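I have placed the structure first, in the form of structure tokens, so that the comments after it can refer back to it.
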There are 2 protein chains.
Amino acid sequence: MIQTTPKLLRALAGETLERPPVWFMRQAGRSLPEYRELRARAPDFIAFCLHPEMAAEATLQPMRRFPMDAAIVFADILLIPLALGQKVWFEAGEGPRLGPLPTIEALRGEVEASTGRLAAVGETLSRVRAGLEPDRALIGFAGAPWTVATYMLEGRGSEREAARIYAYEHPDELDALLDVLVDATARYLVMQAKAGAQALKLFESWAEGLSEDVFERIVVRPHAAIVEKVRAAGVTAPIIGFPRGAGAEVETYAEGVPVEGIALDVQATAALGRRLQAQGRCIQGALDNLLLRAGGPALDARVDQLLEQWGQGPWIFNLGHGVMPDTPIEHIARTVERVTGKARW
Amino acid sequence: MIQTTPKLLRALAGETLERPPVWFMRQAGRSLPEYRELRARAPDFIAFCLHPEMAAEATLQPMRRFPMDAAIVFADILLIPLALGQKVWFEAGEGPRLGPLPTIEALRGEVEASTGRLAAVGETLSRVRAGLEPDRALIGFAGAPWTVATYMLEGRGSEREAARIYAYEHPDELDALLDVLVDATARYLVMQAKAGAQALKLFESWAEGLSEDVFERIVVRPHAAIVEKVRAAGVTAPIIGFPRGAGAEVETYAEGVPVEGIALDVQATAALGRRLQAQGRCIQGALDNLLLRAGGPALDARVDQLLEQWGQGPWIFNLGHGVMPDTPIEHIARTVERVTGKARW
């Protein structure tokens, strides 16, 4: 019998495979010319994310080009504040902008309805699942509460200093906001799993710069609460947590959050990854996206080094951050071929 | 006989004391009104740093206000490129600017002369030592090669992406630049020790965002080379290495760099610090400078937590980053009193 359980799910179940499954954060998107063409057909980025046909096509584009072992639904972490009633838009060439933060009562009042407002993402997942080979996995995702809160509080992407100051000066208000986000995010992930996502990823893109006590309060606790709620809803899809920039706090995270997979960023050491593997965790990571962009013999050498250092335990080959828009496609193709031994799926 | 060996030096020698010695990065400078008054008397920041009388006064100002256990010479990490012949100036309210990068040959040709051009820093140290109680330590410092190189390459403070790309695309050129900086920095630190510095600190302010292989090449190797050169010159003053933002790579650093002290940033976990202490290292850190600024019961609670978690091994109480200019002086005073039990020296 042919093994059709996707490699990604086997790795997340703790199996050590002959070679790690591979996918890249932002494998869909601006690095692909066919994406840029598709994107030009939608009036704005939010409309694009909420258009199941276009979002499914964007999700599948890299799956046709590269022998990736997993697709990740094309969406955005700011769909949650949008669904909770905060205005969200994207300024071309500048990034996201958010309107004034609604009151906590107003946000809380929208939680139940928010998931239905993101039904388009579920529809995207169903379409992708129907178009994807059975041995390639489909990942759903959400932004984690603290990261999403930084955007909600600051109104844009930033160095997040204002949000970190808020965490000290208004701890009760922040905790209340995080609680609302925990609830909305858990519901959103459950919806995605029911719509066809076989694994779920929680992106804490801005875990950096937090002292351990604050990290436990605003990262670990909300992540653990989301996992608990998702499991309580009967969803068994494995979950990957990504506390990007957490440094040594990744181990604090691993102790406190019962996720199957822990995604590591570019600074992950060989030793840190091995300690997590030895504890039965599947790790994911952590090629430098700048090196993927730069290419050359240094890229090949680092890929080999990663394959060597983490090949002894369950892991998923990925970047430490997303593919940069100006990354040459041939660097992606070459790297995925080096990991998989395949030029095409 | 009264013990007059400064507590800071005893901690760096591996002693566990009743309470940790304390000093704060940027304890001198813009958070103090007397500094702002003094600074206004110099035409520009570089002239101020190279004016021994004014720089010594700036160094001593926080020592009069607070019962700090150590003074750190008032200077700047960009004095090294200046002494090597690259133009350096400070734009008011914007930060440092550097002129075009000289050729590697030109820089190399200036190494021997560079230390003499920084004789004013030695004079500052001698003046401070003469004005400081014998049981308070005096620290000299330099910026570490990679951090200084990022400014030299980019011409200003930045997100350092261009420098990290340079590290991949021009490894040989970068290594040559780092070698020049290793040589100039070692000579500069030796000069400072001879002028009265009893401990030396190497600031790698921008260790973040580097993958482990690159971190070993551009942080660990140059730091180890500097330590070796300083020791070869007969200097026995303990050295504190500060790979800020290194996350879990702090342990890679500790394995490769034989410094007596390892300064930790705000993200240091209790466990990481304890592992280093168990290996006989003196650690330093790591109160959040944003929390020092915010103040209140959360500040007191975190100070107590740090005293509790690291009190079992040799350590130095400090921040994870420098004092912010708008930090209320009473927050600094209150925190230092909480650590030392003393309101005044």
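Just so you know, all these numbers are worked out from the coordinates, no wet-lab data involved. What you see is a predicted model, and the numbers here were worked out from it, not measured in a lab. Positions of Cβ are backbone-derived with ideal geometry, glycine not excepted, and every protein chain shown enters the neighbour counts.
Considering only DSSP beta bridges with both partners in the protein assembly as shown, what is the antiparallel share in %, to the nearest 5?
On the way: 10 of 58 bridges.
Once the DSSP bridges in the protein assembly as shown are tallied, antiparallel ones form about 15 percent.
When peptides B:94-105, A:257-268 are sorted by average Cβ neighbour count within 10 Å, with the highest value leading, the order is A:257-268, B:94-105.
Each residue of the stretch B:101-115 was assigned a 3J(HN,Hα) from its phi angle through the Karplus curve 6.51 cos²θ - 1.76 cosθ + 1.60 (θ = phi - 60°); the sequence is 6, x, 5, 4, 5, 4, 4, 4, x, 9, 4, 4, 6, 4, 4 Hz, with glycine and proline shown as x.
Think of each Lys and Arg Cβ as +1 and each Asp and Glu Cβ as -1; about the Cα centre, that makes the dipole of the stretch B:7-340 roughly 960 debye.
Counting pairs of alpha carbon atoms under 8 Å apart in space and at least six apart in sequence, what relative contact order in percent does chain B give? List each step's numbers first, then the result.
Values: 643 pairs, mean separation 77.7, N = 345.
RCO, chain B: 23 percent.
Which loop GluC sites (Glu not before Pro) in the stretch A:132-182, with loop taken from DSSP, have no more than 16 other Cβ atoms within 10 angstrom of their Cβ?
Working: sites: A:Glu154, A:Glu159, A:Glu161, A:Glu169, A:Glu173; in loops: A:Glu159.
The qualifying sites are A:Glu159.
With a Förster radius of 45 Å applied to the beta-carbon distance between B:Ala271 and A:Arg30, the computed FRET efficiency rounds to 0.70.
Using the Cα centre of the stretch A:80-206 as the reference point, and only Cβ charges (+1 on K/R, -1 on D/E), how large is the resulting charge dipole? Debye, rounded to the nearest 20.
Result for the stretch A:80-206 is approximately 600 debye, rounded to the nearest 20.
How many Cβ atoms of partner chains, on average, are near each residue of B:262-274 if near means within 10 Å of its Cβ? The per-residue average across the peptide is 5.
If you keep only loop residues by DSSP, which chymotrypsin sites (Phe, Trp or Tyr not before Pro) in the stretch B:116-223 have at most 10 other Cβ atoms within 10 Å of their Cβ? Walk me through the numbers before you get to the answer.
Details: sites: B:Phe141, B:Trp146, B:Tyr151, B:Tyr166, B:Tyr168, B:Tyr188, B:Phe203, B:Trp206, B:Phe215; in loops: B:Trp206.
When the chymotrypsin sites (Phe, Trp or Tyr not before Pro) of the stretch B:116-223 are filtered for loop state and at most 10 Cβ neighbours within 10 Å, nothing remains.
Counting Lys and Arg as +1 and Asp and Glu as -1, what is the net charge of the other residues whose Cβ lies under 12 Å from the Cβ of A:His51?
Working: positive: A:Arg39, A:Arg41, A:Arg127; negative: A:Asp44, A:Glu53, A:Glu57, A:Glu123.
Combined, the nearby Lys, Arg, Asp and Glu give -1.
Ascending distances from the B:Thr4 label point to its copies in the other chains, with the point 7 Å along the Cα-to-beta-carbon line: 8.4 nm. 3J(HN,Hα) couplings calculated from phi for the stretch A:288-304 with the Karplus curve 6.51 cos²θ - 1.76 cosθ + 1.60 (θ = phi - 60°) are, in sequence order, 5, 5, 5, 6, 4, 5, 5, x, x, x, 5, 5, 4, 5, 6, 4, 4 Hz; Gly and Pro show x.
For A:Leu264, the residues 5 or more places off, or on other chains, whose built amide H falls under 5 Å of its own are A:Gln284, A:Gly285.
Considering only DSSP beta bridges whose two residues both sit in chain B, what percent are antiparallel, to the nearest 5? Beta bridges within chain B, antiparallel portion: roughly 15 percent. Residues whose amide H lies under 5 Å from that of B:Ala207, counting only those 5 or more places away or on a different chain, are B:Arg244; hydrogens are built 1.01 Å from N in the peptide plane. Our estimate of slack between A:Ala106 and A:Arg41, defined as 0.36 nm per intervening residue step minus the Cα-Cα distance, is 20.0 nm.
To the nearest ten degrees, helix B:119-131 and the longest principal axis of the Cα atoms of chain B are 10 degrees apart.
Need the full-extension length gain, A:Met324 to A:Ala130, defined as separation in residues times 0.36 nm minus the C-alpha distance. One decimal, nm. Don't skip to the end; give the middle numbers.
Working: separation 194, 0.36 × 194 = 69.84 nm, distance 2.85 nm.
Taking 0.36 nm per residue and subtracting the Cα distance, the gain is 67.0 nm.
Averaged over its residues, how many other protein chain Cβ atoms are within 10 Å of peptide B:180-191's Cβ atoms? Show your work: numbers first, answer last.
Numbers: counts 0, 0, 0, 0, 0, 0, 0, 0, 0, 0, 0, 0.
Mean partner-chain Cβ count within 10 Å for B:180-191: 0.
Phi-derived couplings, Karplus 6.51 cos²θ - 1.76 cosθ + 1.60 at θ = phi - 60°, listed residue by residue for the stretch A:275-280: 4, 5, 4, 5, 8, x Hz, with x used for Gly and Pro. Each Lys and Arg contributes +1 and each Asp and Glu -1, all at the Cβ; summed about the Cα centre of the protein assembly as shown, the dipole is approximately 200 debye.
Label-to-label distance, A:Glu53 versus A:Leu17, with points set 7 angstrom from Cα along the beta-carbon direction: 3.3 nm. Per the Debye formula on identical point scatterers at the alpha carbon atoms of the protein assembly as shown, with no solvent, log10 I(q)/I(0) at q = 0.05 Å⁻¹ is -0.25.
Dividing the summed helix terms, -39500 (n - 2.57) for each DSSP H run of n ≥ 4, by the number of residues in chain B produces a 222 nm estimate of -15000 deg cm²/dmol to the nearest 500. Annotation for the stretch A:1-93: GluC sites (Glu not before Pro) lying in DSSP loop with at most 11 further Cβ atoms inside 10 Å of their Cβ are A:Glu18. Residue of chain A with the Cβ closest to the rotation axis carrying A onto B, and that distance rounded to whole Å: A:Gly247, 1.
Please pull out the direction-averaged projected area of the stretch A:7-340, using the convex hull of its alpha-carbon atoms, in nm² to one decimal place. The partial results should precede the final answer.
Details: hull surface 60.3 nm².
Result: a mean projected hull area of 15.1 nm².
The count of lysine pairs in the protein assembly as shown that are at least 8 places apart or cross chains, and whose C-alpha atoms lie under 24 Å apart, stands at 10.
For the pair A:Ala233 and A:Arg64, label points projected 7 Å from Cα toward Cβ lie 3.2 nm apart.
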